[in-house]
Amino acid sequence: MSVKKISILGSTGSVGQSTVEVILSQAECFDVQAVTAHSNAELLAQQAKELNASQAIIADPAAFKPLKELLSGSGVEVSAGREALLEAASMPCDLVMAAIMGFAGLEPIMKAIEAGANVALANKEPLVAAGPLVMAAAQKHSVTILPVDSEHNAVFQVFDEKQRRAIERIILTASGGPFRSWDRKDMEVATPEQAVAHPNWVMGRKISVDSATLMNKALEVIEAHYLFDMKPENIDVLIHPQSIIHSMVEYNDGSVLAQMGAPDMKTPIAYCLGWPDRMATPGNKLDLNKIINLELEPVDNNKFYALKLAYECLYSGPAFCVAFNAANEIAVQAFLDKQIGFLDIVDTVRHILDKTEQQSLKSVANIVSFDETVRELTSHYISGGAGNREKKEVHAV
Ligand code: NDP
């Protein structure tokens with residue numbers, strides 16, 4: 001594998017740390033340009049030194065001073081703030097790992113694409129909110145979007161673009177999360193600690209809550225629609241509690257191609273870092289001798305109705321996808337802050353969607369502005385007592 005110039009956006013997060021681990025396992029193959037974080041100066045400084053990165057960028061200006069001190073004499077260039085993050089995303093690179101959490105990653109991803117870097121995309125929320133713009137920009141700049149999300153990475157590996165007309169369905173698998181066998185009465189009183197305790201994956205807090213509500217799978221249906229240009233009715237979801245079959249593609253001759261692997265993000269990360277070659281990973285490997293069962297079962301849409309909302313958003317138009325994501329990000333944070341209950345998360349999103357109207361969103365600026373409006377309305381709704389289901393009322397979006 002030839003040496004790749006790479007930047008890691010969100011290097012201090014769960015995906016970011018796994019990316020650093022994979023890179024360090026074959027450090028001679030990578031030339032790290034920038035590493036970025038929101039406010040974790042300590043870990044960012046450590047990573048910048050270990051990776052011998054050219055730049056370390058911290059989005060929160062309050063963390064600039066500690067970062068500068070930690071990296072003094074190291075030769076790593078240090079900067080802070082949103083503008084510095086956008087500049088870092090634009091640095092000439094072969095590959096940018098997009099691992100920021102949430103919609104905040106949209107503009108950095110667009111900058112990376114405009115600079116002509118291929119993008120390893122973990123950060124799904126920007127694609128959900130701005131899929132048509134992101135994919136059009138990638139096409140315009142001849143950039144490949146490599147999906148890091150294990151399900152989309154699996155699909156990418158078995159999706160034969162030359163046989164596109166023979167592809168009938170994408171089947172995304174979902175672990176079902178920690179509450180798969182709970183009833184709604186118990187979920188009503190589920191705590192943040194219970195919700196982030198995922199049975200198979202170790203992830204950041206937001207995506208862990210999304211996995212518990214199945215909102216993660218809902219976001220992934222929208223992500224798959226844009227990444228693979230598949231109609232919503234040709235994207236299905238099945239529960240697969242073992243998280244070994246990461247997803248499947250069904251062809252018109254009846255063949256169903258699946259990708260399997262241990263539930264370890266280092267495998268899809270290594271796939272993207274090595275692409276178009278394969279590289280060895282320091283991650284867990286599948287021991288087929290130890291696999292007793294590979295179960296697949298349908299989703300209980302009465303218990304988890306986030307998925308249904310995602311399909312409705314796709315049929316209603318891109319503005320609904322923006323609202324879907326923005327309302328969820330606010331509701332998840334409110335749940336983690338113990339302002340609302342677990343079931344209120346998806347109820348809040350549904351309520352905001354009911355008030356959403358179609359918008360013409362032609363630019364990133366339009367989307368950022370609409371996203372902001374939805375966030376304000378969702379926060380207002382929550383502070384007005386979203387947890388009390390009888391009193392829900394917000395102004396029309
Ligand atoms: P984490 O919360 O663990 O990490 C998020 C990273 O983004 C951190 O480096 C954080 O910095 C940084 N960050 C957060 N907010 C901002 C901001 N406003 N501006 C700049 N940087 C910011 O998230 P995960 O690693 O779990 O997830 C990252 C993305 O990847 C998400 O979109 C998620 O859905 C997706 N994903 C994650 C998977 C996983 O296994 N974790 C699997 C598949 C997809 P700091 O540390 O300083 O706060």
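The values are calculated or read from the model by the stated rules, or taken from the named source; none is laboratory data. Remember, it's a predicted structure, so these values are computed and weren't measured experimentally. Neighbour counts run over all protein chains shown; Cβ positions are idealised from the backbone, glycine included. Just the protein is used for accessible areas: all its heavy atoms, side chains included, with ligands, DNA and RNA removed. Shrake-Rupley method; radii C 1.70, N 1.55, O 1.52, S 1.80 Å.
Sorted by accessible area (1.4 Å probe), largest first, how do Ser316, Ser247, Ser360 line up?
Working: Ser316 55, Ser247 0, Ser360 80 Å².
Heavy-atom accessible area, descending, gives Ser360, Ser316, Ser247.
Quick one: how many Å² of Ile145 are accessible to a 1.4 Å probe, rounded to 10?
In the full protein context, Ile145 sits at about 20 Å².
Whenever you get a sec, compute what percent of the accessible area on the chain sits on carbon and sulfur atoms (1.4 Å probe).
Reported share for carbon and sulfur atoms: 49 percent.
Using 1/(1 + (r/R0)^6) with R0 = 30 angstrom and r between the beta carbons of Glu188 and Leu294, what's the FRET efficiency to the nearest 0.05?
On the way: r = 32 Å, r/R0 = 1.06.
Efficiency, rounded to the nearest 0.05: 0.40.
Post the alpha-carbon centroid distance, the range 207-270 to the range 299-316, in whole angstrom.
Spelled out, the Cα-based centre of one part sits 15 Å from the other.
Divide by every residue of the chain the summed helix terms, -39500 (n - 2.57) for each DSSP H run of at least 4, and state the resulting mean residue ellipticity at 222 nm, rounded to the nearest 500 deg cm²/dmol.
Theoretical 222 nm ellipticity from helices: -13500 deg cm²/dmol.
If you wrap a convex hull around the alpha carbons of the range 166-308, what volume per residue comes out, as a whole number of Å³?
Details: hull volume 20.1 nm³, N = 143.
Normalising the Cα hull of the range 166-308 by residue number yields 140 Å³.
Compute the Rg to Rh ratio over the chain from the alpha carbon atoms, using the Kirkwood formula for Rh, and round to two decimal places. Walk me through the intermediate numbers first.
Working: Rg = 20.5 Å, Rh = 21.5 Å.
With Rg and the Kirkwood Rh in hand, the quotient comes to 0.95.
With a/c under 1.5 counting as rounded, go ahead and sort the range 182-256 into rounded, prolate or oblate using the C-alpha gyration tensor (a ≥ b ≥ c being the square roots of the eigenvalues; past the cut-off, prolate if a/b is larger than b/c, else oblate).
Details: a/c = 2.27, a/b = 2.05, b/c = 1.11.
It is prolate, given that a/c is not under 1.5 and a/b is the larger ratio.
Could you derive backbone 3J(HN,Hα) for the range 127-136 from the dihedral phi with the Karplus parameters 6.51, -1.76 and 1.60 (θ = phi - 60°), listing whole Hz in sequence and x where the residue is Gly or Pro?
My calculation for the range 127-136 gives 6, 4, 7, 9, x, x, 6, 5, 5, 5 Hz in order.
Per 0.36 nm of contour for each residue apart, how much would the distance between Arg82 and Asp277 grow if the chain were fully extended, relative to their Cα-Cα spacing?
On the way: separation 195, 0.36 × 195 = 70.20 nm, distance 3.36 nm.
Roughly 66.8 nm would be gained on extension.
Going by a ≥ b ≥ c, the root eigenvalues of the Cα gyration tensor, does the range 293-385 fall in the rounded group (a/c under 1.5), the prolate group (a/b larger than b/c) or the oblate group? The partial results should precede the final answer.
Details: a/c = 2.19, a/b = 1.26, b/c = 1.74.
In terms of gyration-tensor shape, oblate.
Through the Karplus equation 6.51 cos²θ - 1.76 cosθ + 1.60, θ set to phi - 60°, convert the phi angles of the range 243-253 into ³J(HN,Hα) values in whole Hz; use x for Gly and Pro.
The phi angles translate into 6, 10, 7, 7, 3, 9, 10, 9, 9, 5, 8 Hz.
Would you rank Val35, Val189 by solvent-accessible area, highest first, keeping every protein chain in place and using a 1.4 Å probe?
Details: Val35 0, Val189 110 Å².
Sorted by accessible area, descending: Val189, Val35.
Quick one: net charge around Glu125, please, counting Lys, Arg +1 and Asp, Glu -1 for every other residue with C-beta under 13 Å from its C-beta. Let's see the in-between values first.
Working: positive: Lys124, Lys206, Arg375; negative: Glu107, Asp149, Asp210, Glu220, Glu223, Glu329, Asp371.
Once positives and negatives cancel, what remains is -4.
Keeping every protein chain present and rolling a 1.4 Å probe, give me the accessible area per residue for the chain in Å².
Accessible surface, normalised per residue, equals 43 Å².
Give me the log10 of I(q) over I(0) for the range 1-114 at q = 0.13, 0.17 Å⁻¹, as the Debye formula computes it from C-alpha points; what are the numbers?
-0.40, -0.71
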